[in-house]
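The structure under discussion appears below in the form of structure tokens.
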Amino acid sequence: MKKIFLLSISFIALQNSFTYAFDPKEAFVTPRTSYFYTEKDSRQFQEFRGVKRGFEAGIDQLEFSKMLGKTLELDFSGHALFRNNDYNILIDLKNSSDPSKFKLKTGFLSFNRYYDPTGGMYANATTPSYDLTEKLTLFDGQYFIEAEFPLFGLQTTTKGTWHHKEGKISELTWGFGTQAANRKYAPSFSEIDQNVYEAELSFKKEITNGDLTLGQHFIYMDDKPVRREFDKNTASESVVQSINGDSFNYAAHISLFKALSEKTLTTLSYTVGFGDTTEKENLETFNSTGGRVGGGTRKNYFGALADNDTQKHILNAHLYREPFNNLSMNLRLNTFYKERYSDSTYPRDTSATPDLIIDETATNNTEHSGYGVGEHLSFHYKGLNRWTPYLKLESEQNFLRLDEDTISVTASDNFSRVTDQEVFKSLGAIGFYSYPWNWFKLSAEYSLNQDRDDYKDISETASSSGTEKSGFVDDITRFSNAVKTNVSLALTPWLQTGLRYQWKRTRFAMTPQSGLSSTKGYSNAHQYTALFSILPQSEFSLVQLFSLNDSDTRTQASTVSTARLPRHQGDYKSLITSFDYHWSSALNFSLQHDFSWSNNFDDFSATGLPLGVDDKYENFLLDVSWKLKSMTLTPSYGFGFYRTENKAHVDDYDYHSAMIKLTCSL
Amino acid sequence: MLTSFLHIYIRIGFIFLFLISCQSKQTQQGQKVLPPAFHAQELKGATYVGMSTCATCHDKQAQHFKMALHARLEVSGVENTHGTSCEMCHGPGSLHVDGGGDKQKILNLKKDNQSCFNCHTDKKVEFKLKNHHPVLEGKMSCTDCHNPHGPDAKPWSAVSESGMNEACFKCHAEKRGPFAFEHEAISSSCVMCHNPHGSIHAKMLVQNDFDDHLRY
């Protein structure tokens, strides 16, 4: 269902580095037509660029404002490109002299999302065919209506939203299917049919030096995804997973803001929430000719049912204080309690040739509950000339208990356990912002972050057929150091440069079982971003961004000689250029260019697991705007390409585009 | 590859030289030093007015902003050249004030993210990568996930009111749950595995699938 609600037409201001986001008062309309020509993998082009190849027409922008009577002001903006379901329509109606007396906003936003149907496959798999032969397009549309008005002395805000998704998306996952008894990457896609309905209602009352807000939020979701896998060859099998789920979430919220003095501000809030999710699921296994297969470890579940209930209580407090002149302090506390109850059943057909008759049923009951406390303390000091230092400390402690009870189809496999999870997080950051001179801006920050998840086996009844204890590890730790710094130089009014540097190193450690040594891994990332901008005149600007990202991750698998998984590299470089020249009041040139490239491919053809992205990605667009009396004609030309290492993927493309826009005053 | 866009830049350079030689130059004598964003035509000639002036109309926002994460950006001694508080992002406000709150004379960041990118340049780079949220395409904006005026500009911290992943669940409702078996990483944050701005990896993963889990 793709209903288009044209209640209002709103036009987004063009993303133009020369004209910023002002609210224009004059009315205008900009019809547009464009053509995208592509070579090679046009579906990959559609995924990255978000537009279909070929011809497209529509309204790029339409805006106008109008007074309705003496006090009502109507603002109308819209954008509608039909072939890509690309709509953004907004009506804003308000009391022009005092918007708090009445405000109504309604709109519709939608677009298509395209996916390459070759997702999930690598060239070195046995079967060379990667194509799902499916058209993977997802329609994502959202309609909302929001009103604000006073009611019995309370400022009332009400909002309703309907979010609809429909279509097909690619999945990049390990397939359930097998190939020659080994699990392999299998291309898969999901059919999506999802509706989310939201309603919000809040009341705000002004009190002495503050305000009190009461709010409620309802969310209902109806979701029916079906995931399908593609048979890779005659030796493989595929699994179809279909889910019929609905969920309901409700939250009520009360918050109080009070200014105790000009230098002391407080907020206190409480949120209670309830959720209920029900999912029915079928998992069915097929051979390459579409026949059902079963038995052994093959999955054939019919009518699996999960029912989950949750509730949460959150108390949050914030104190802002200026204990001394120019010293600002923020103290925040957060505490929560949450619990979840889940019951699930797994009826399974175990026949070698499934006959859709349930042969066995397993059940699982889970209770997960606990509480947590979070603390935040930060300072910043403005009393120093041209220099503001700051300090931030945060910590969090969570205490959760997971109680699981599994009744298997075989009594000897029945299993129950209680696991306590203690999660401790801490963060410390120190930094400053400064302008040593008017033309020189400098900022820097150093931060430390540690997270530790500690699992404790409280009690368990292990299955008599196995010796495993808790399915969890003993503990997982992440420890990070990070530095970021930003330097900007404006040596002249028309030449400005900047350099931003970020470094982050994270150490991971996991202890599989108490008493054993930890496995360790680490990731290390450097990011350099340089900015260069020339503005010799207000009519001319040239801005260039260059970014170099150097990141690698080494895991425990790198020490295992047979695993052949050395460090993973995620390096890339990017160059972005934006050029605008306002030749005269009648002529303007605009150019956008971006180019990014990566070279991380390691050839592991023998294992069929090429690691690292290795590609080049470029886009170029030139606009010329020519003002003719009350109209502006803007022809555009663009081109670009994508190249990838062909052992990792087969998705190269080239494209050229031509576009004409005509802006007319109304 | 390198030569192809080198040719483009050379040609642009010639065009640029030709164009500027044909134009009478306007001098920049005495113009205050401002970040690139504020050289927009519409703010030409504007000067900074200070937060107290902003607060005469936007008193509630000014009051709440003291509690915001971005409040620490304020630096003393540069009020007239770089602005403080509101004007750091919304631009110099003198024309907006003189125009009685003229919306055409102030930067509206809900519609344009350029002011965010003036400081967060690395995020603009990430949005240009092939796997990214469609912010630069106008399908969403920075304020859909971030509240620049609030205490949680990043919506995930030990003291976030609404919880770590609520910003993600607004559009990805099917990930909210609850579920019978929950992925441990989600109880921390979606950003454990995904870079929400952009990534060279599919699904905006911070790494490809294998190493994402093998880190632990």
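Values in this text are rule-based calculations from the coordinates and carry no lab data. The shown structure was predicted, so the numbers you read here are calculated from the model rather than taken from an experiment. Using ideal geometry, Cβ is built from the backbone for each residue, glycine included, and neighbour counts are taken over all protein chains shown.
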Quick one: net charge around residue A:90, please, counting Lys, Arg +1 and Asp, Glu -1 for every other residue with C-beta under 9 Å from its C-beta.
-1
About its Cα centre, what dipole magnitude does chain A give when the only charges are +1 on Lys and Arg Cβ and -1 on Asp and Glu Cβ, stated in debye to the nearest 20?
2100 debye
Convex hull volume of chain A per residue (C-alpha atoms, cubic angstrom):
205 Å³
Order of A:620, A:230 - criterion: other Cβ atoms within 10 Å of each residue's Cβ, fewest first:
A:620, A:230
Relative exposure of B:182, A:396, judged by other C-beta atoms within 10 Å (fewest first)
B:182, A:396
When only C-alpha pairs under 8 Å and at least 6 residues apart count, what is the relative contact order of chain A, in percent?
8 percent
How large is the convex hull of the Cα atoms of segment A:310-378 per residue, expressed in Å³ as a whole number?
118 Å³
Percent of all Cα-Cα pairs per 10 Å bin for segment A:262-472, counting from 0 up to the last occupied bin, reads 7, 20, 22, 17, 14, 11, 7, 2, 0
Quick one: what do you get for segment B:34-108 if you divide its Cα Rg by 2.2 N^0.38 Å?
1.03
Distance between the C-alpha centers of segment A:64-81 and segment A:482-504? Whole Å please.
42 Å
Charge dipole of segment A:262-472 about the Cα centre (unit charges at C-beta), most positive-ward option of A:311, A:389, A:297:
A:389
Would you mind ranking A:318, A:313 so that the residue whose beta carbon has the fewest other beta carbons within 10 Å leads the list?
A:313, A:318
Cα pair distances of segment A:347-463 binned at 5 Å [whole percent]
2, 9, 12, 10, 9, 8, 8, 7, 7, 6, 5, 5, 4, 3, 2, 1, 0
